[in-house]
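I have placed the structure first, in the form of C-alpha cells, so that the comments after it can refer back to it.
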Ligand SMILES: [Zn+2]
Ligand SMILES: [Zn+2]
C-alpha cells in the first residue's frame, strides 16, 4: 500500500527509487515512503536488501522506550543484502557479494573502549536503524568495515537475517553466561533464545527454557529445539542453574532468575531495555551470585558466531512478511505471537 499523502520530497516509484518503511513519530505506525536510491559514501556499500529480521529493539524504538537520536528513521538492523555499489574507499566486498549488516554500524576507533577492544561500548557509536537508516527498506547504505561476509551460502536470506542480531546478541550473552555454565536458563523464548538453545545444546549444555506462564506451545517449541526442560517463568527449574540469560524485557524476571541460580551463579540481561526491576531481598544476590548486562556487539563476536553457525547450522524459524507489512510484524512481536523470528522481505 502506497502512502496516501506523500511528503514533500517524496517521489514517484520508478527504476531509481527505493521503498522504505519510515518511523516519523514514536508510537505511530511506520509509513511507506518512496525515495531516490542513494549513492554510497567513500567507505560505504549500497545494498539491495534481500531480507531484514525484526528485533525487539526495533519495537523499543518504535514504542519510544529508547531515546531517539534521529527522526525520521528507517528501523531494521538484521539485514541480508547484495552489494550493488561500493564507495571508492570501501574494501573487502565486491558488487554481487551477499553481506550482513548488524546493529553496530560505526565506532569511533579512538575512545578508551574502542582502543581496549570493547567497541561494543564505544562512546560515539552509530547503530543501524537507530542513528542511520536500516533495513526495513528495499535498499540500505552501510559502512563496509562493519558489514559481515555471510558464509552460509546454502541458507536463504530470510533464514540468515535473524542470525545478525538475535544470533549475535544471543551469542554474546551466552559467552557472558560463562563457558562453565552447563545448566543454562533462558527467560523469554523469542528469536534470540530459539537460536541460543541450539548453540548451547551443540556445546553440550543443558537448556532450561522459561516462557510466559501457561504458554505450552512455546514450551513445546523450546523442547523441539533441544531444551532439556521448559516451563513458565513463575516456576523454579528442577535443578539449580549455573547461569541464566534474560531476553524478555521484564524486570520482574531478574529476582526470579536470581532465585533459580546456584551459589556463584550468574544472571545476564541480554536486552537493551527492561521494565523496572522490583526491589528484592539481598539474600537472592548473596553467596556470590552476580548480575550483569550485555550491550551491543563487537565485530569479533560476529565473526565468531557466524563461524560457529557455519559449523553447527541452526534451524532458523522465520515468519516472513512483505516489507509493507512491517507494522503487522511489529504488532505480532509485541503480542508474543511469533515463534522464532519475524523477517521482512522487500
Ligand atoms: Zn537487535
Ligand atoms: Zn569508540
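Laboratory data are not the source of any read-out in this text; all were calculated from the coordinates shown. These numbers come from a predicted model, not from an experiment. Backbone-built Cβ (ideal geometry, glycine too); neighbour counts: all protein chains shown.
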Handout entry: Separation of the residue 288 and residue 175 label points, Cα + 7 Å toward Cβ, nm
Key = 2.4 nm
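Can you tell me the mean projection area, over all orientations, of the convex hull of the range 73-184's alpha carbons? Units nm², please.
Projected over every direction and averaged, the Cα hull of the range 73-184 covers 8.7 nm².
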Handout entry: Sites residue 82 and residue 116 - FRET efficiency at Förster radius 41 Å, r taken between beta-carbons, to 0.05
Key = 0.75
Exercise for the section: Starting from the Cα of residue 332, step 7 Å along the direction of its Cβ; do the same at residue 26; then give the gap between the two resulting points in nm. Expected result: 2.7 nm
Handout entry: Using a Förster distance of 45 Å, the FRET efficiency for residue 108-residue 223 (Cβ separation, nearest 0.05)
Key = 0.55
Practice task
Measure out, as a whole number of angstrom, how far apart the alpha-carbon centroids of the range 103-165 and the range 235-267 sit.
Solution key: 30 Å
Problem - Cβ crowding within 10 Å averaged over residues, with 45-53, 247-255 ranked highest first - result: 45-53, 247-255
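Provide 173, 138 in ascending order of the number of other Cβ atoms located within 10 Å of each residue's Cβ, fewest first. If you can, show how the numbers build up before the last one.
Values: 173 24, 138 20.
In order of increasing Cβ crowding within 10 Å: 138, 173.
Could you order peptides 162-169, 292-299 by the average number of other Cβ atoms within 10 Å of their residues, highest first? List each step's numbers first, then the result.
Numbers: 162-169: 29.9, 292-299: 17.8.
Ranked by mean Cβ neighbours within 10 Å, highest first: 162-169, 292-299.
Taking N as the number of residues in the chain, what is its alpha-carbon radius of gyration divided by 2.2 N^0.38 Å?
Details: Rg = 20.0 Å, N = 346, 2.2 N^0.38 = 20.3 Å.
It is 0.98.
Considering Cα pairs under 8 angstrom that are at least six residues apart, work out the relative contact order of the range 167-293 and quote it in whole percent.
Details: 262 pairs, mean separation 30.3, N = 127.
For the range 167-293, the relative contact order is 24 percent.
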Handout entry: Spread of Cα-to-Cα distances over 5 Å intervals beginning at zero, given as percent, for the range 255-337
Key = 3, 10, 13, 12, 14, 19, 15, 9, 4, 1, 0
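So what's the back-of-envelope 222 nm ellipticity for the chain, counting only DSSP H runs of four-plus at -39500 (n - 2.57) apiece and dividing by all residues, rounded to 500? Write out the running numbers ahead of the final one.
Numbers: 9 runs with 78 residues, N = 346.
Calculated from helices alone, the mean residue ellipticity at 222 nm is -6500 deg cm²/dmol.
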Handout entry: Separation of alpha-carbon centers, the range 169-223 and the range 34-49, rounded to whole Å
Key = 37 Å
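Quick one: if you take sqrt(5λ) for each eigenvalue of the C-alpha gyration tensor of the range 167-293, what semi-axes come out, biggest first, whole angstrom?
Three semi-axes, in Å: 20, 16, 14.
Quick one: work out the % antiparallel among DSSP beta bridges in the chain, nearest 5.
Values: 31 of 59 bridges.
Taking every DSSP beta bridge within the chain, about 55 percent pair in antiparallel fashion.
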